[in-house]
Structures are given as C-alpha cells and as structure tokens.
Amino acid sequence: MKSALILGLIAWLAGVVLLAETTSQDANPIRASASAAIREPVLGRMQFTGGPREEGLAGRSGSAPIMDRKLPDAVHQTPGLEFIDTSFENASPLWYESATDGTVRLFLLYDHERSSPNRAAGHIHFLIHAAPGSKLTLEFLNLNNVWNGKPGSVARELKTLVISEDGRNWKPMPTQALLGNRVQLQVEMPGPRLFVARIEPYRLSDLDRLLAKLRPHRLVRITPIGHTVQGRPLEIIRLGHSRAPYRVFVRARAHPWESGGNWVAEGLIQRLLKGDADARRFLDCYCVYILPMANKDGVVRGLTRFNLQGKDLNRDWDQPADPLLAPENAALESWLEQMIRMGKAPHLAIELHNDGGGQLHLSRPPIPKLNRHIERIAVLEKLLRRHTWFTEGTTPPSFHNSGTLGDGWLERYGIDAVVHELNCNWIAGLNDYPSARHWMSYGEKMATVIFEYFNTVQP
Ligand SMILES: [Zn+2]
C-alpha cells in the first residue's frame, strides 16, 4: 500500500517535469528556433542533396530529385543598382538577384491555368532605381511557358523591349538571346529611374481616362455588362448609330500583357469620332461595339495570360462560359446573346492579341459553309494589306486553336470571328519597331478596312 503510494507520487512528479519541459519548449522562442535549426539540415539533406534515400523517395513519388535549391556560396550586389520597383499598377511580379559578374537576374513569376499544366510568364514592366550612368545587364529567366499543354519557351519571342524615363515616352531596345532560354538586355541609366517593359504599357487608368473623355460624346454609349473576378466593372463602348446596317465587335486584352490591342482600339475610336465626311460615311455603314479590356484584373496586377481564377479568356468559347470562374466571358456571352435576340448580332468580330508572329488566325471549326467564312476573311486580309501596314498573312489550314473566341463565335453563333495577332517585335510593313503610335495608326486605318469590307462582302 505504502509502496504503491510512493510509486504514484513518482509517476505524478515525472508527469509534471515532462509537462514543464514541453511548455517551456513551446513558450521559449529561442529554444523553439534552436530545435528547428537542428531539424532543418536533416530535412535539407533528405530533400535536396540526392543520395540513395532520396532516390528511394523519388522513385515512389515518380518525380525527379530537386537539385537546384542549394543556398548560394556567396551573394553579390550589382554596382549602382539600388532597387527594382514592382509596386505600381501593371508592374510584372518578379524577384531578382545579382550574379558574380554583376548581371541582374530577373525571375519573372508565372501565372497558371486552372486544371491544366499551362503557365505563362512574359509580361515585363518594372522600374529600376540605380545610379545615373551605371551600365546594367539585365537577364530574364523563367521564360519556360507551357502553352496548349506543350512546353515552349517565350525566350525566342522576346526580341525587343522598351525603356522609358517617365513611363510615357518609350524607346525600343533589342535583346540578346542566350543558351538556356535566357534573354539579356543592356541598359545605361540616363537618370536615377528607368522603366523597362515588354511593349508600351496600356494601364487600366489609361482606359479609365479614355472612358471619361468618351462618356459625354453624342456618338458614344458606354454600357456596363458585368464584372471581373475581383469586381471591376466591364463595359462595351458603342460608337455610332445602333440602326446602322452593319455591326462589328472588337475585343482587346483577353491576355493582360498584350497591350497592342488597346492602342489599336483607341486609334479606331479616334478615327470614328473625328467628325469629318469619312467618319460620317463609316458610321452610316456600320456601328462598332468594343470590349476594351477583358482581363482588367490581370492588367492591374501585371499578369501575363490568365484571369484571377486561372481561366484563359480566349479559350472555352466552344461551350457556355462559367460565370464563377470566367465572369468576364460570361458577361460578354450574355451581352452577345441579348444582341442576337434583338436581331443585332455582329457581322464581324475581331479579337486583338499580341505575339511574335502577327498573323490573322483563321477560324476553322467544323461548320457547314466554312468556305464562305474563309472567303470573307480573305477579303478582310486583302483590305488590311491594302490600307494598313499588315503583311503577316493568315494562318495555314493546318493551324487549329479550338476554343478561341474566333472559333467559338463562328461555331456557336455563326459570326465571322477572327483572332488578330499584332507582332510585338517588329512591323515588317513599316520596317520599324512596334509602338503605341504605330498601333493607333493601324486602328485608324481599320475604320476604312471595315467600311470597305462591308461594302464588298455584304454579309
Ligand atoms: Zn493573346
């Protein structure tokens, strides 16, 4: 009895000591971090350094060993460089470090597609803070995109970038491609700040300024059609008279890095509102409906391709849009179906994009009378070549990119719809680099192209 009591007392004391030990470990940050520091190398060895144990783990999971996560032996600071600022509207998310030779390595962040291996990086827009006169070598990494389920580096499409001291007046700069899907740009700081961008940026604030200017115009009606994932309002700008015999629809900025479409749309708007005899003639023939910035959230946050729920807004047009995951497309689809119910379906739809090719992407979904559609778009191509600097031509019959707005609107609604890419590196027809000015002049001339298109094909 007495010995049982003593044993019970010993057990109780042991419990109190154990409890005190556990509590002090949790409560004492120094001890807690010390024990973490002891655990970490073990975890590091298992995950990062290879060896038989890791191979065993890798074999079970089916993934290759991860070998590139070692801490660097030393860190470096590029002379003259203070900071790379990505805090502003439309700046591209990235991280950076300096190499031993002072090269600034910029790691763009990918945005990802939902339920898909697709990912995209390639939007570039940041502000360098550095000593005036310093010469910097910028090296772009993380260009290993996945497009339509296939790996494909964007390095070979990254032939030029633009730089600007004030973020408004831009100068083109050729880049150098290096082995390993890397791209370099050399810059000399003209002052303490220098913007670098993929192409001349067109921000949401630029669109808001345009909308404010257009709103009072008697030939303009701006109609809200819905909201983006983050609740930003989407609008259709109507130019001209709704009773005009023909209607054309233009969408820009489904992919946020591709600002060229916004400049083209702005040029088209300017031309149609010029108030001269030609503008009156154009608007007696056709009415234009523009969705100027489909992926506003992505533009504000500096994304490359997808919306904030990981949807590609130029895909899945072969089926009804998901109002939760792609509210931007669901809003446009509702607007379109309402137009169709009112007998006001567009006769032509142009979906504006940027890439390294600049072609007109012909839609070829399996529909009856596809040849008639192809003939009409051949007329459009001929008129673009005649009245603008367009020389890039259309995609060959082997090219298919199903689910685009071009394919989907033609297949589901019978609307002549095309994807128009704008070359982001070079304008062959002008023998010059692309710029906002050139793209706006392209948009201005499209007013004539559309006029002659309707007069020729009379759809
Ligand atoms: Zn695009």
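FYI, it's all coordinate maths here, none of it is from the lab. Computed from a predicted structure; not experimentally measured. Cβ atoms come from the backbone with ideal geometry, glycine included; neighbour counts cover every protein chain shown.
What is the sum of charges around TYR433, taking Lys and Arg as +1, Asp and Glu as -1, for the other residues whose C-beta is under 12 Å from the C-beta of TYR433?
That sum, taken over residues with Cβ under 12 Å, equals +1.
Dividing the Cα radius of gyration by the Kirkwood radius, what Rg/Rh value follows for the range 406-459?
In the range 406-459, Rg relative to Rh is 1.08.
Over all directions, what mean area does the Cα convex hull of the range 204-457 project, stated in square nanometres?
12.6
Excluding ARG198 itself, calculate the net charge of residues whose Cβ lies under 12 Å from the Cβ of ARG198, where each Lys or Arg counts +1 and each Asp or Glu counts -1.
Local charge sum for ARG198: -3.
If we count other beta carbons within 10 Å of each Cβ, what is the order of ARG364, ARG193, ARG114, fewest first?
Sorted ascending by nearby Cβ count, the order is ARG114, ARG193, ARG364.
Report the gain in length on full extension from ASP276 to ARG243: 0.36 nm times residue separation, minus Cα-Cα distance, nm rounded to one decimal.
Stretched fully, the ASP276-ARG243 segment lengthens by 9.9 nm.
Please work out, to two decimal places, the log10 of the ratio I(q)/I(0) at q = 0.18, 0.24 Å⁻¹ from a Debye calculation in which every Cα of the range 83-150 carries one identical scatterer.
Log10 I(q)/I(0), no solvent term: -0.74, -1.07.
Show me, for the range 142-158, the HN-Hα J-couplings you get by feeding each phi into the Karplus relation (A = 6.51, B = -1.76, C = 1.60, θ = phi - 60°), rounded to Hz, glycine and proline as x.
6, 9, 8, 7, 10, 10, 6, x, 10, x, x, 6, 8, 4, 6, 9, 9
Be a star and scan the range 229-269 for residues whose amide nitrogen sits under 20 Å from the point 7 Å along the Cα-to-Cβ vector of ILE367.
246-252, by backbone N distance to the label point.
List the residues whose amide H sits under 5 Å from the amide H of VAL250, counting only those 5 or more places along or on another chain, with H placed 1.01 Å from N in the peptide plane.
For VAL250, whose amide H was placed from the backbone, the distant partners under 5 Å are TYR289, ILE290, LEU291, ILE350.
So how do 91-102, 424-435, 136-147 stack up, highest first, on mean other-Cβ count within 10 Å?
Result, highest mean Cβ count within 10 Å first: 136-147, 424-435, 91-102.
Tell me the label-point distance for the pair HIS112, HIS76, using the 7 Å Cα-to-Cβ offset, in nm and rounded to one decimal.
Reported label-point gap for HIS112 and HIS76 is 3.1 nm.
For the range 427-441, just list the computed ³J(HN,Hα) in residue order, Karplus coefficients 6.51, -1.76 and 1.60, θ = phi - 60°, integers in Hz, with x standing in for Gly and Pro.
My calculation for the range 427-441 gives 9, 4, x, 10, 6, 8, 6, x, 7, 4, 4, 5, 5, 5, 5 Hz in order.
What is the distance in Å between the Cα centres of the range 363-421 and the range 114-141?
34
What is the set of long-range amide H partners of ALA417 at a cut-off below 5 Å, with H atoms built 1.01 Å from backbone N?
ALA349, LEU410
Treating the Cα atoms of the range 366-445 as identical point scatterers in vacuum, please give the log10 of the normalised Debye intensity I(q)/I(0) at q = 0.15, 0.27 Å⁻¹, two decimals.
Log10 I(q)/I(0), no solvent term: -0.63, -1.34.
Could you work out the relative contact order of the range 204-457, using alpha carbon pairs under 8 angstrom and six or more residues apart, expressed as a whole percent? List each step's numbers first, then the result.
Values: 519 pairs, mean separation 61.9, N = 254.
After rounding, I find 24 percent.
Net charge near GLU89, counting Lys/Arg +1 and Asp/Glu -1 over other residues with Cβ under 10 Å of its Cβ?
Its environment carries a net charge of +1.
Over the range 81-197, what relative contact order in percent results from Cα pairs under 8 Å that are six or more residues apart?
Value for the range 81-197: 27 percent.
Along the Cα-to-Cβ line of GLU97, 7 Å from the Cα, sits a label point; which residues in the range 118-142 have backbone N less than 14 Å from it?
Residues passing the 14 Å test: 141-142.
Quick one: Karplus J couplings for the range 163-171, per residue in order, coefficients 6.51, -1.76, 1.60, θ = phi - 60°, nearest Hz, x for Gly and Pro?
10, 7, 7, 10, x, 10, 9, 10, 10
For GLN176 and PHE399, FRET efficiency with R0 = 35 Å and r from the beta-carbon atoms, rounded to 0.05?
E between PHE399 and GLN176, to the nearest 0.05, is 0.70.
Return P(r) of the range 319-459 (all Cα-Cα pairs; 5 Å bins starting at 0; whole %; ordered from short to long distances).
Whole-percent P(r) values from 0 Å outward: 2, 9, 18, 21, 19, 16, 10, 4, 1, 0.
Across every pair of different alpha-carbon atoms, what Kirkwood hydrodynamic radius in Å does the range 81-197 reach?
After inverting the pairwise mean of 1/r, the radius is 14.8 Å.
Under the √(5λ) rule applied to the eigenvalues of the Cα gyration tensor, what semi-axes describe the equivalent ellipsoid of the range 176-307? Give them in Å, descending.
For the range 176-307, the ellipsoid semi-axes come out as 34, 18, 14 Å.
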